[in-house]
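One structure is given here, and the rest of the page talks about it.
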Amino acid sequence: MNFDLILIFLALGAFVGLAAGLLGIGGGGVLVPMLTAIFLSQNIPVDQVVHLALGTSMACIMVTSLSSLRAHHANGAVVWPLVKLMTLGVVIGTFSATFIASMISSKALAIFFACFMGYVAIQMFSNSKSSNHKDSQSKTYHEINRLELMLASVGIGSISAIVSIGGGSITVPYLTWRKIDIKKAIGTSAAIGFPLSIAGSLGYLLSGWSHTPSIPYTYGFINLPAVLVISITSFLAAPTGANLTQKLPVRTLKKIFALLLAILSLKMLWNLQLLPCCNF
């Protein structure tokens, strides 16, 4: 790993950490396209590059989500009873889906990723009425049926594994739809993202063990040097983002971030020659 690449990973980690803390997301929407481009430049085969980006991103999210979790907990923004109810389903869905992802081609994964991030961008850019709910969690989370929570959790985990996100892009809208205050939904999503990322990292490690790309210090679909360097700054930046949640206009920032997600997703498709008519 050369010095320029280390600087890129450090900057990438700082940005992802801020986004994780501020918006309650794991950062996969940024990490996966960027890592795909970086790994392609290192001559990783196209049929393995997206899997490696997904697995490495998930391992990075593990560190980022822990830091974000701690900061949101300190701010009293985590609804722990909901975290306990949703963790099992999230872990089952995430771990299982990594093995499904390992059997899907890189190009198919890239298309699914881009389509999902397009949906996330539209969701973040639009003015959702659900974000205006101010009901306290003590009056609302008890009203959610446990079977519904389990099914929703499995779905959140499954999709999160295939696109390598911390689940915030799905968890936050779901919880706000269920009338959980937006800031508590973000904090709770960050807490759920930690067990999700552990299950996802383990899954990508095991499912990719017999298909490990020929790049030093790579295990399964996880590139350890990238994880370590990105995690340094993401861990440090996540608490800052979480604290800024209480001060900055999160909805406005989400619109800006949505545009970035859309651009990066298109860039990822172009890198894999799925958008031959585009020139970024």
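The values are calculated or read from the model by the stated rules, or taken from the named source; none is laboratory data. Just so you know, these numbers come straight off a predicted model, no measurement behind them. Note that we place each Cβ from the backbone using ideal geometry, even for glycine, and neighbour counts take in every protein chain shown. Each accessible area value is taken on the protein alone, full model and side chains, heavy atoms only, with ligands, DNA and RNA left out. Shrake-Rupley method; radii C 1.70, N 1.55, O 1.52, S 1.80 Å.
Gaussian network model of the chain, Cα springs within a sub-10 Å range: biggest mean-square fluctuation belongs to which of Pro213, Pro249, Pro33? Of Pro213, Pro249, Pro33, the Gaussian network model singles out Pro249 as fluctuating most.
Leaving ligands and nucleic acids out of the surface, order Tyr219, Tyr174 by accessible area at 1.4 Å, largest first. Provide the component values of the computation, followed by the final result.
On the way: Tyr219 95, Tyr174 30 Å².
I get Tyr219, Tyr174, largest accessible area first.
Between region 168-224 and region 51-88, the alpha-carbon centres lie 8 Å apart. Result for the chain in a Gaussian network model with C-alpha springs under 10 Å: among Ser197, Ser160, Ser214, the largest mean-square fluctuation is at Ser214.
Of the whole protein surface, Trp209 contributes about 150 Å² of accessible area at a 1.4 Å probe radius. Expressed as a whole percent, the accessible surface of the chain that belongs to carbon and sulfur atoms is 68, based on a 1.4 Å probe. Lys-Lys pairs in the chain that are eight or more residues apart or on separate chains and whose Cα atoms lie under 13 Å of each other come to 6. Amide H to amide H distances under 5 Å link Tyr219 with Leu224, where only residues 5 or more positions off or on other chains count and H is placed in the peptide plane. Ignoring the sites themselves, the chain has its longest run without trypsin sites (Lys or Arg not before Pro) in a DSSP loop having at most 11 other Cβ atoms within 10 Å at 1-133. Sort region 8-120 into rounded, prolate or oblate with this rule: let a ≥ b ≥ c be the square roots of the eigenvalues of the Cα gyration tensor; rounded if a/c is under 1.5, and if a/c is not under 1.5, prolate when a/b is larger than b/c, oblate otherwise. Note, shape of region 8-120 comes out oblate. The mean accessible area for residues of the chain, using a 1.4 Å probe and ignoring ligands and nucleic acids, is 43 Å² per residue. Among Ser105, Ser68, Ser201, the largest mean-square fluctuation in a Gaussian network model of the chain (Cα springs under 10 Å) belongs to Ser105. In order along region 149-163, phi translates into HN-Hα couplings of 4, 5, 5, 5, 5, 4, x, 4, x, 5, 5, 4, 5, 6, 10 Hz, rounded to whole numbers, per the Karplus curve 6.51 cos²θ - 1.76 cosθ + 1.60 with θ = phi - 60° and x for Gly and Pro.
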